[in-house]
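Report on the following structure.
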Amino acid sequence: MIPKTMTAMVLTGHGGLDKLEWHEDWPTPAPGPGEVLIKVAACGLNNTDVNTRSGWYSKDVAEATTGGAYGKVAEEDPTWGGRPLQFPRIQGADACGHVVALGDGAPADLLGKRVITDNWLRDWSQPMNRDRTGYFGSERDGGFAQYTAIDARNVGAVDSPLTDAELATFSCSYTTAEGMLSRAQVKEGDRVLITGASGGVGSALIQLANRRGAVTIALASPAKHADVAKLDPSHLLERTPEDLSGALQDATGHTTVDVVADIVGGPYFSTLIEQLERGGRYTCSGAIAGPIVDLDLRTFYLRDLTFTGSTVVEPHIFRDLISYIERGEIRPVLAATYPLKDLHQAQKAFIDKKHTGNIVVVP
């Protein structure tokens, strides 16, 4: 029996944590044609949730991600896609749960299956048309609730002994990481420098680059080295070495790298770019330390560098991810779980970045 109402954490506008309001009588969604209804068992937290709530994506904001309210956020571009957000909105992209109801035309074999969500909402007649792409928990309600509905093509059944909370760590971070590595054409033997290696995307980058046979060089604060070392990076350095060239030489025997996989940005950006070898590749899917950076264009063009931004990923990446999970080729890095009702506390912990891996809430 599916209840008419449910508990949900509802975003009411851009701003601080006070914009996330707890409700115990929110209407339970009904699956539309081709959709499924998921009873949520766990939902992961991501930077997208924080950045959307705060309005950090707006070009009016030039500072690092803080998780707090900003003095000015433009109404026309406060989301990842540069468009206004409709409120109220239930956020939460990384839902794991069981399919409990089907909309007309949804595949019958999904009923009862444990699934995770593919967060890219597509025009399936043009799946890589970025102008017609949305994100789960942004352009439609997501998983910070007891129930959520989504297109059946946006779920994948997972056959795995992992817990619901562990499965809720994968979708956003690992598809983001795999998209970055794919855009940068990372291959066996490449030396890949990974920033923010203790976070959700960073820990995914280590594992997925290792899977490709790359030489992974992880940057993380010394306090997190013991945890990051469990992910088996080839080399582990301080977060922002003063002499990065020397640190690379000592660790790898080379002063340069083939690829920089960056999710941090900020003032260390120019140092990272200087360590790319001639013909090297820089790929980025985040800027938590600040979106405005210094770039010497002579370094860019005289060294024949390739820069790629990575946001919307190819549809096959989600299916590939499920196969990696089921074969045990990657593993979750679950830092903590919180009750959904305590999402404020969970986001504070997420923003403080004292953890390694991912934080998950459970209804």
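Quick note: the coordinates plus some simple rules give every number you see, no bench work behind them. What you see is a predicted model, and the numbers here were worked out from it, not measured in a lab. Every residue, glycine among them, receives a Cβ derived from its backbone with ideal geometry; neighbour counts consider all protein chains shown.
Computed over the alpha carbons of the range 302-349, Rg followed by Dmax gives 17.7, 53 Å. With a/c under 1.5 counting as rounded, go ahead and sort the range 7-96 into rounded, prolate or oblate using the C-alpha gyration tensor (a ≥ b ≥ c being the square roots of the eigenvalues; past the cut-off, prolate if a/b is larger than b/c, else oblate). It comes out prolate by the Cα gyration axes. Projecting label points 7 angstrom from Cα along Cα→Cβ for Thr255 and Ala69 puts them 5.0 nm apart.
Pairwise inverse Cα distances across the range 209-294, averaged and inverted, put the Kirkwood hydrodynamic radius at 13.5 Å. Listed cross-link partners Lys230/Lys354; Lys39/Lys341; Lys224/Lys348; Lys230/Lys348; Lys187/Lys353 are compared with a 21 Å cut-off, the Cα-Cα value being larger for Lys230/Lys348; Lys187/Lys353. Treat each spin label as a single point 7 Å out from the Cα along the C-beta direction, and report the Asp294 to Arg83 distance in nm. In this crude spin-label approximation the distance works out to 3.8 nm. Electrostatic tally near Ser171: other residues with Cβ closer than 10 Å to its Cβ, Lys and Arg +1, Asp and Glu -1, net -2.
The angle between the Cα long axis of helix 316-326 and the longest principal axis of the Cα atoms of the chain comes to about 90 degrees, rounded to the nearest 10. Alpha-carbon geometry of the range 1-155: the Rg and the Dmax are 15.8, 49 Å, given in that order. A compact globular protein would have a Cα radius of gyration near 2.2 N^0.38 Å; the ratio found for the range 200-350 is 1.14.
Comparing mean-square fluctuations of Val192, Val40, Val313 from a GNM of the chain with C-alpha springs under 10 Å, the top value falls on Val313.
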